[in-house]
Structure formats: structure tokens, C-alpha cells
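A quick write-up on the structure given underneath.
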Amino acid sequence: IFVSDFSAYAVGASGSIFAIAGLLMILTPNLPVFLMFIPIPVKLKYAVPILLIGLWLISITGAIGIGNTAHLGGLIAGLFYGAYLKNKYPKKVLMLNRYFK
């Protein structure tokens with residue numbers, strides 16, 4: 001998360017992917033998803049933190065330059081937007097949660 005070189009730029013769509021994941025974590029936390037190399041479904045509320053921790057562990061080795069701030073920022077934005085939608089449309093969110101139990 002912390003870098004000493006502030007002139008570095010991040011390019012990619014992974015921040016937006018984490019934003020969608022954060023949104024879905026709030027709206028449908030029990031949505032079953034598959035992680036790479038794990039052939040069993042994992043609930044989204046567990047899968048996203050596992051992915052974030054995995055990416056962070058990979059990046060601290062220094063082997064791969066990963067934009068963890070983009071991932072974390074996208075996740076936080078998605079969580080906030082999901083909370084907003086959950087408060088604004090509680091009946092629709094309840095319907096989604098019933099479907100993914």
C-alpha cells in the first residue's frame with residue numbers, strides 16, 4: 001500500500017473490478033464465486049478479503065508491481081456505494097439476498 005516513489009503511475013481496470021466486488025459484498029454477501037485454483041465456491045464476503053490479502057502478500061515480496069492503492073480505493077468506493085444503494089433501495093436488496101442464500 002505504501003510506496004516511496006510518488007511519481008509512479010498505475011494503469012489497469014483492477015480498481016474498478018474491486019469496486020464492483022465491494023458493491024456486491026454489501027448487496028449480495030453470500031453470492032458464491034470461484035477463486036483461481038480453488039475448485040469450490042466461496043462466499044463473496046470471504047473471497048474479496050482473501051484476494052486482497054493475497055495480492056498484498058505478492059506485492060510485499062517486490063516481485064511484481066501491483067497497484068494496491070487502486071485495489072483498496074476501488075474496494076472502498078464500492079463498499080460506500082453499496083451501502084448507499086442498500087439504504088436507498090432496501091426492498092430490492094432484500095430480494096437479491098433472498099435469491100443468493
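Once the piece of chain linking residue 36 and residue 13 is laid out straight, how much longer is it, given 0.36 nm per residue of separation minus the C-alpha distance between them?
Using 0.36 nm per residue and subtracting the Cα-Cα distance, I get 6.5 nm.
How many nm is it between the label spots at residue 52 and residue 76, if each spot is 7 Å from the Cα in line with the beta carbon?
In this crude label model, residue 52 to residue 76 measures out at 1.0 nm.
Coordinate-derived values only; no laboratory data. Computed from a prediction, not measured in an experiment: that's the story for all the values here. Every residue, glycine as well, gets a Cβ built from its backbone with ideal geometry; the counts of neighbours run over all protein chains shown.
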